[in-house]
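Q: Below you will find the structure I want to go over with you.
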Amino acid sequence: MALTEAHCCRLLGVSAASTLEETRAAYRHIARRMHPDRAGGDAEAFKEITAAYNWLVARRSGKVAAGPRAARTARTRTTAERRARARRAWEQAKAREAQKAREAADRARVDAERAKAETEAAAERLRAQAARAKAARQRARAAKRKAREAERARVETRWDEEFTDAWEAWCKTAERYHAQREQQSADAAAGRSRAERSERAEAPGADEEAKPWTPPAADADAPAGGGEPSGGSIFGRLRQGLRRVARKASLDRVGQDVSLRLPVDLDLLLKGGTRTLGVTRSAACPSCAGSGDEHCVCRGAGRVKVRETVKVTVPPGARSGSKLRLEGKGTAGLDGAPDGDLFLLLEPEAIPGFRSEGLDLHGQVTLSRRLAGDGGTVAVELPRGRVKLKVPRSSRAGDTFRLRGQGLPSWGGAEQGDLFLSVVIR
Ligand SMILES: [Zn+2]
């Protein structure tokens with residue numbers, strides 16, 4: 001009997017698309033049962049399935065030529081295998097894609113977490129930096145204040161010394177003058193002649209007054225009132241001392257603070273903003289580099305006036321007397337001494353038609369008799385712009401409308417006051 005694939009498959013209980021492995025497994029299972037050595041074995045059946053198995057193995061290995069039906073079965077199997085392969089490939093590709101998507105999502109999450117952490121770290125760094133900068137500014141301010149106080153103390157001490165110096169010189173002159181007067185009185189009493197007295201008047205004390213003042217030599221370090229003052233320069237010394245005091249005082253090396261008034265218009269008052277101001281300040285003389293050379297264009301002042309523009313940011317809610325400080329924009333310090341600051345004293349302009357009370361504004365609204373009686377709406381101009389006001393029926397003179405948030409901002413703008421309108425009927 002010629003075996004066919006279908007017959008063999010039926011005997012072994014496998015499908016035409018079964019693999020060699022599956023066929024072998026099926027054969028072993030049945031052969032174990034049918035083996036003639038076993039009780040209940042069936043030699044015929046065993047032979048039959050062994051033949052079918054051998055045929056199928058030969059067929060699967062290509063040793064038996066495929067008939068038209070077998071070829072079709074083989075094609076079916078090939079197609080099925082191809083489909084299965086394609087399906088497996090597709091499933092694998094899908095799995096790979098899903099895996100990729102999961103990985104991308106993971107990466108994105110990690111990236112987002114890292115970005116968040118970095119942002120927080122950056123914010124933390126910025127906060128720390130700001131704190132450090134603030135501390136540094138405070139330290140610099142304290143150092144500057146100290147330097148200024150020290151310099152002031154030094155100038156005052158110098159002034160005292162020089163004044164004492166000049167004062168003592170003056171006292172000496174006065175003493176001498178007094179002695180001279182006494183001498184004159186004594187002479188008069190002794191009945192000396194006028195001629196003799198006029199000769200005596202040529203004494204050194206009177207001579208000094210006539211002498212023109214000469215620039216100081218090296219007497220700046222001479223001890224104050226130490227011994228007799230060198231002849232012919234007592235008044236000179238006095239004048240010179242005072243002059244030196246004046247000049248040194250003008251050569252205060254530490255920059256002074258300067259205050260300026262800054263008018264604040266309505267817009268700046270309500271919203272705050274930035275303004276550019278032209279200010280005149282004393283800067284170090286560029287010609288003598290602040291050394292105060294008497295022959296310099298600055299005539300020894302060490303500073304010259306310069307025109308500068310400064311940018312200032314004014315917060316909303318300025319009050320009369322609010323102060324802004326522009327560091328280092330006052331008088332320039334000399335020889336590395338700190339610059340003074342510029343203080344801007346804010347002066348908000350009055351708001352026409354309104355009176356302020358803290359953050360609140362008080363004004364009036366004029367209604368016609370008819371509008372007050374019947375009610376309706378009226379447009380009113382407020383500092384922040386035009387608003388429509390709802391007027392209830394039977395409004396009376398003296399009634400007050402309260403408009404929340406239409407008042408003045410607090411300094412810095414965190415809060416807003418209210419605006420009150422009292423009714424006037426005309
Ligand atoms: Zn100069």
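The values are calculated or read from the model by the stated rules, or taken from the named source; none is laboratory data. Keep in mind that what you see is a predicted model, and the values were worked out from it rather than measured. Cβ: placed from backbone, ideal geometry, glycine included. Neighbour counts: every protein chain shown.
Q: Listed residues ALA150, ALA135; which is within 30 Å of ARG253 (Cβ to Cβ) and modelled with pLDDT under 90?
A: None of the other options fit; the residue is ALA150.
Q: Could you tell me which numbered condition ALA397 fails, if it satisfies all but one of (1) modelled with pLDDT under 95; (2) under 40 Å from the mean Cα position of the chain (by Cα)?
A: Result: ALA397 fails condition (2) only.
Q: Hey, among the residues in the range 290-313 that are of a type in the set (D, E, K, R) and assigned to a strand (DSSP E or B), which one's farthest from the ligand (Cβ to nearest atom)?
A: LYS311
Q: Which residue pairs have Cβ atoms under 6 Å apart, sit 6 or more places apart or on different chains, and have a first residue in the range 287-304 that is among the β-branched types (Val, Ile, Thr) and a second that is near the ligand (Cβ under 7 Å from one of its atoms) and not in a strand (DSSP E or B)?
A: If the second residue must be near the ligand (Cβ under 7 Å from one of its atoms) and not in a strand (DSSP E or B), the pairs left are VAL297/SER287; VAL304/CYS285; VAL304/CYS298.
Q: Moving on. Can you tell me which residues in the range 327-355 are within 16 Å of the ligand (Cβ to nearest atom) and either under 19 Å from ARG261 (Cβ atoms) or of a type in the set (Phe, Trp, Tyr) (or both)?
A: THR331
Q: Mind listing whichever residues of the range 314-326 are touching a Lys or Arg at 6+ places or on another chain (Cβ under 8 Å) and either within 16 Å of the ligand (Cβ to nearest atom) or within 15 Å of PHE343 (Cα to Cα) (or both)? It would help to see each step written out before you state the result.
A: Of all residues in the range 314-326, those touching a Lys or Arg at 6+ places or on another chain (Cβ under 8 Å) come to 314, 316.
If the condition is that a residue be touching a Lys or Arg at 6+ places or on another chain (Cβ under 8 Å) and either within 16 Å of the ligand (Cβ to nearest atom) or within 15 Å of PHE343 (Cα to Cα) (or both), then VAL314 is the only one that fits.
Q: Looking only at residues in the range 271-289 that are crowded, with 18+ Cβ neighbours inside 10 Å and near the ligand (Cβ under 7 Å from one of its atoms), which one is nearest to SER259 (Cα to Cα)?
A: Out of the qualifying residues, it is CYS285.
Q: Considering only the range 376-390, I want to know if a residue exists there that is outside any strand (DSSP E or B) and either of a type in the set (Gly, Ala, Ser) or farther than 14 Å from LEU421 by Cβ (or both). I'd like the intermediate steps shown before the answer.
A: Looking only at the range 376-390, we keep the residues that are outside any strand (DSSP E or B), and these are 383-384.
Cutting the leftovers down to either of a type in the set (Gly, Ala, Ser) or farther than 14 Å from LEU421 by Cβ (or both) gives us none.
Scanning the range 376-390 turns up no residue that is outside any strand (DSSP E or B) and either of a type in the set (Gly, Ala, Ser) or farther than 14 Å from LEU421 by Cβ (or both).
Q: While we're on this one: Please count how many residues of the range 391-407 are under 17 Å from GLY358 (Cα atoms), in contact with a strand residue (DSSP E or B) (Cβ under 6 Å, 6 or more places away or on another chain) and not in a strand (DSSP E or B).
A: Residues in the range 391-407 being under 17 Å from GLY358 (Cα atoms), in contact with a strand residue (DSSP E or B) (Cβ under 6 Å, 6 or more places away or on another chain) and not in a strand (DSSP E or B): 3 in total.
Q: Something else now. In the range 1-20, which residues are at pLDDT 85 or above and part of a helix (DSSP H, G or I)?
A: ALA6, HIS7, CYS8, CYS9, ARG10, LEU11, LEU12
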